[in-house]
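Structure, as structure tokens:
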Amino acid sequence: MRVVLFTGKGGVGKSTVAAGTAALCAGAGHRTLVLSTDAAHSLADAFGAPVGPEPTEVAPGLFVQQVDAQLRFQQSWAEIQRYLLAVLDVAGVDPVAAEELTVIPGAEEVLALLELRQHARSERWDVVIVDCAPTAETLRLLALPEALGWYMQRVFPVERRIVKALKPVLSRAAGVPMPEDDVFAAVERLHRELDEVRALLSGPGSSIRLVLTPENVVLAEARRSYTTLSLFGYRVDGVVANRVFPAEGADDWRAGWVLAQDEVLAQVAQSFAGLPVWTSLYRPAEPVGVDALRRLAEDVYDGSDPVALPTGPGPFRITRSGSGTVLRLALPLVSRADVDLARNGDELVVTVGSYRRLLTLPAGLARHRVAAARVEDGELRVRFEESAS
Ligand SMILES: Nc1ncnc2c1ncn2[C@@H]1O[C@H](COP(=O)(O)OP(=O)(O)O)[C@@H](O)[C@H]1O
Ligand SMILES: [Mg+2]
């Protein structure tokens, strides 16, 4: 199953380009599903057809689904939230405020992505296109299982046993509700499921495309997303520059825009060097309906395969040579000074701005020490050496 995600700032045309790509794929004979995890669903509007929370066929071989994030949220999160609310209640937190405290921003969207597990298992689709929420923020939450890996493997089972043993005593003594076993089971299940989705989305069959309009503010955000997505191990395999004004027959007003957009487009090419930058013209009308969407996508991809498997090295790899072992992590658009590295047992902590990833080192490297680190050709390269001891 090939999975392509579309992300970008609000209003740039994510849903339109995602829907168009899906229409093009279905037209080429792929069994195609396009689903949106963005709470601001607009796939139904783009297709000009009613769409529900289950896959709905809008054209032969083309299915559309607007995942009910709220519902998924309630299902996956309910037990954990109930417990947190009970604890906060004892702590004297007003239940209405507590309700908000227990909602992690972006959690709904990430839980909507859990839907992808079922789709991968069903073997019903050749291509799944995902229309994501505005920023790449939420995909970062999928790194949670990785960050909690050590805790979940070593501490969590112990805590669970201790809580079980002490529960009768503690609940009575302190008046604090202790988590029931189903809370632990829910945490464990959620952890496993998120990890599965992360593995799927950072695997060789998945990639992310950034949609932007040629405007400085929009480009700045797309550049940040490129860095962040790479940091967390997702592969960006293309950029779509949407709403590009055609130069032909422009009056003064439009000619001004064409000039301004050209300038930004040159920066886009520079920022994403090595990636295809597809352009999509500003259409005289909103592209609505399967045919209009497919035509837009035909122009965008201009004969290239919209779901070609990404080539080149993945976002994360380890190479060995005479001088030692080098861990390579794609980290475009940053310099060494923007990156902070720390070693924490068998983990490498990589921080870029306000984003932090805990990379669990493969067993072979855990006993090595970091000899040097640099950022080159859009890659963080960390060289490891055998410890002297
Ligand atoms: N290339 C284009 N030409 C004309 N209108 C477009 C184009 N791309 C998108 N639109 C319109 O712009 C609006 C926002 O697009 P949409 O895909 O919903 O953005 P997003 O999903 O990023 O919020 C919609 O009304 C859509 O029909
Ligand atoms: Mg949208």
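The values are calculated or read from the model by the stated rules, or taken from the named source; none is laboratory data. All values derive from a computational prediction rather than experimental measurement. Using ideal geometry, Cβ is built from the backbone for each residue, glycine included, and neighbour counts are taken over all protein chains shown. Note: areas computed on protein heavy atoms with side chains; ligands, DNA, RNA excluded. Shrake-Rupley method; radii C 1.70, N 1.55, O 1.52, S 1.80 Å.
Given charges of +1 on the Cβ of Lys and Arg and -1 on the Cβ of Asp and Glu, with all other atoms neutral, how large is the dipole of the range 180-226 about its Cα centre, in debye to the nearest 20?
With Lys and Arg at +1 and Asp and Glu at -1, about 520 debye.
What's the ranking of 233-242, 209-218 by average number of surrounding C-beta atoms within 10 Å, highest first?
Top of the packing list down: 233-242, 209-218.
Out of ALA185, ALA199, THR227, whose Cα points farthest toward the positive end of the dipole of the range 180-227 (charges: +1 Lys, Arg; -1 Asp, Glu; placed on Cβ)?
THR227
Which three lengths, in whole Å and largest first, does the range 187-296 cover when its Cα atoms are put on their principal axes?
61, 33, 24
Show that you can apply the helix-only estimate: for the chain, add -39,500 (n - 2.57) for every DSSP H stretch of four or more residues, divide by all residues, and state [θ] at 222 nm to the nearest 500.
-13000 deg cm²/dmol
Can you tell me the Rg and Dmax of the chain, counting just the alpha carbons, in angstroms?
My reading of the Cα-based Rg and Dmax gives 23.4, 81 Å.
Karplus couplings for the range 16-21 from phi (6.51 cos²θ - 1.76 cosθ + 1.60, θ = phi - 60°), rounded to Hz, Gly and Pro as x?
Computed from phi, the couplings for the range 16-21 are 5, 5, 4, 5, x, 4 Hz.
Within the range 280-367, what whole-number % of the accessible surface is contributed by carbon and sulfur, with the 1.4 Å probe and all protein chains included in the calculation?
Answer for the range 280-367 is 51 percent, counting heavy atoms of protein chains only.
Relative to the present Cα-Cα distance, how much length would full extension add between ILE318 and ASP291 at 0.36 nm per residue of separation?
Full extension from ILE318 to ASP291 adds 5.2 nm.
Residues of the range 292-377: accessible area per residue at 1.4 Å, in Å²?
Per-residue accessible area for the range 292-377 comes out at 54 Å².
Can you list the residues, at least 5 places off or on another chain, whose amide H is less than 5 Å from the amide H of GLY238, using H built in the peptide plane?
Under 5 Å from the amide H of GLY238: LEU210.
What size of dipole, in debye to the nearest 20, comes out for the range 240-288 about its Cα centre when the only charges are +1 on Lys and Arg C-beta atoms and -1 on Asp and Glu C-beta atoms?
For the range 240-288, the charge dipole is close to 180 debye.
Can you tell me the FRET efficiency between ARG189 and SER122 if r is taken as the Cβ-Cβ distance and R0 is 30 Å, rounded to the nearest 0.05?
E(calc), rounded to 0.05, equals 0.95.
What residues qualify as long-range amide H neighbours of VAL3, i.e. H under 5 Å apart, gap of 5 or more or another chain, H built at 1.01 Å from N?
Long-range HN contacts for VAL3: VAL128, SER206, SER207.
Relative to the first principal axis of the alpha-carbon coordinates of the chain, what is the inclination of helix 290-301, with its axis defined by its Cα atoms, in degrees from 0 to 90 and to the nearest 10?
Computed tilt is about 90 degrees.
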